[in-house]
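To keep things clear, I will list the structure first and then write my remarks on it.
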Amino acid sequence: MAYLNPAAGAARQGKQTAAVVNAAAATATAAAGSTPTKAEYDALLADVNALRTKLNALLAAMRTSGQLAP
């Protein structure tokens with residue numbers, strides 16, 4: 001998709017970001033009681049860490065393609 005560069009007065013061709021695969025399905029489930037167990041907490045923590053890794057990969061791909069400032 002092209003965009004206009006006002007400083008140069010010309011259209012530029014945008015670069016495509018490298019593919020980043022979708023995040024896996026969540027493994028955490030709702031707590032069985034009013035207080036989560038260690039296993040429930042650990043499952044949620046693993047999901048959050050996986051999403052953090054995926055987000056960082058997407059941001060790195062966007063920086064590499066020039067869509068995001070380094």
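The figures follow:
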quantity: Rounded if a/c under 1.5, otherwise prolate or oblate - the stretch 20-70, Cα gyration tensor axes; calculated: prolate
quantity: Residue 49 paired with residue 15, simple spin-label distance in nm, labels 7 Å along Cα-to-beta-carbon; calculated: 3.2
quantity: Where labels lie 7 Å past Cα in the beta-carbon direction, separation of residue 62 and residue 31 in nm; calculated: 3.3
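Rule-based calculations on the coordinates, nothing more; no lab input. Computed from a predicted model, the values in this text were never measured in an experiment. All Cβ positions, even for glycine, are placed from backbone atoms using ideal geometry, and neighbour counts span all protein chains on display.
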